[in-house]
Amino acid sequence: MTPAAVLFDCDGVLVDSEPITDRVIAANLARHGLTLPVHEIGTMFLGGTIAGLGEEARRMGATLPETWVDDIYAELFVVLAEGTPLIPGVPALLDALDGAGIPYAVGSNGPHAKMAVTLGQHPEIHARFVGRIFSRHDVDRPKPAPDLYLHAAKALGAAPESCVVVEDSPTGARAAQAAGMRCYGYAPSGDVARLTAVGARPFRHMDELPTLLGL
């Protein structure tokens, strides 16, 4: 069934920010007494919030200052601004959605300021989402609660059950499921078990999505 709207996560779905973010966070936590492999950062905290990451890091032994959330965001913004590439295939996918007259939006657990840094590096893509970029700060609860995707669907005038979500994390997929929305799970490495376990249909390349969406 062709969707009435498509709702995208941002990090790891539209922009390839997660490898950069994981490296910065791993180095920062090491300076605060918690040494973790970079790949473990991604596995443990994928799809969550920075505040939640900080709480978990403290439980694991990191000595983080009260200002850590603001501090790590400031550090991340500097590094992300140096170059955050788009996920391959995103421009063509948006072209296909535009051609089919299907609206789309972003729903991210990250703040607006972060998306301004990452998506903002790609003006032609960012411009296509203006007015339809939503953050966890726009709603009461972050993913995995359904609030963010329900908020985005309402903004687009689409019934939740007619929307499709594109995610790369189990946390986001659970949010889609809680909102009553179909979810496609972007898994470029082929690691699909964590997404299928929470009801997402996995795919490996963005150029697969137009066919999956019935375009």
Members of the range 121-165 found to be buried (at least 16 other Cβ atoms within 10 Å of the Cβ), over 18 Å from Ala51 (Cβ atoms) and not hydrophobic (A, V, I, L, M, F, W, C), listed by number
Gln121, His122, His126, Arg128, Arg132, Pro146, Tyr149, His151, Pro160
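Evaluate the following for Thr49: is it in contact with a Lys or Arg (Cβ under 9 Å, 6 or more places away or on another chain), surrounded by 13 or more Cβ atoms within 10 Å (Cβ to Cβ) and either among the polar types (S, T, N, Q) or more than 23 Å from Arg194 (Cα to Cα) (or both)? Before you say what the answer is, go through the steps one by one.
Numbers: in contact with a Lys or Arg (Cβ under 9 Å, 6 or more places away or on another chain): yes; surrounded by 13 or more Cβ atoms within 10 Å (Cβ to Cβ): yes; either among the polar types (S, T, N, Q) or more than 23 Å from Arg194 (Cα to Cα) (or both): yes.
The answer is yes for Thr49.
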Can you confirm whether the range 36-48 contains a residue that is closer than 30 Å to Pro160 by Cβ, of a type in the set (A, V, I, L, M, F, W, C), assigned to a helix (DSSP H, G or I) and out of contact with any Pro (no Cβ under 6 Å at 6 or more places or on another chain)?
yes
Quick one: Thr63 ticks every box in (1) over 30 Å from Gly157 (Cα atoms); (2) in contact with a helix residue (DSSP H, G or I) (Cβ under 9 Å, 6 or more places away or on another chain); (3) surrounded by fewer than 19 Cβ atoms within 10 Å (Cβ to Cβ); (4) among the hydroxyl-bearing types (Ser, Thr, Tyr) bar one, so which box is it?
(2)
Yes or no: Pro65 in a loop (DSSP other than H, G, I, E, B) and either outside the structural domain of Leu195 (by TED's automatic domain parsing) or modelled with pLDDT under 95 (or both)?
yes
If I ask for residues that are hydrophobic (A, V, I, L, M, F, W, C), in contact (Cβ under 8 Å) with a residue 60 or more places away in the chain and either crowded, with 19+ Cβ neighbours inside 10 Å or under 19 Å from Val15 (Cα atoms) (or both), which ones from the range 177-215 would you list?
Met181, Met206, Leu209, Leu213
Out of the strands (runs of 3 or more DSSP E) lying entirely within the range 147-215, which hold 3 or more residues that are over 15 Å from the mean Cα position of the chain (by Cα) and farther than 18 Å from Ala5 by Cβ?
none
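The values are calculated or read from the model by the stated rules, or taken from the named source; none is laboratory data. Given the structure is predicted, the values throughout are model-derived calculations rather than measurements. Quick reminder, even Gly has a Cβ in these numbers, built from the backbone with ideal geometry, and neighbours come from all protein chains shown.
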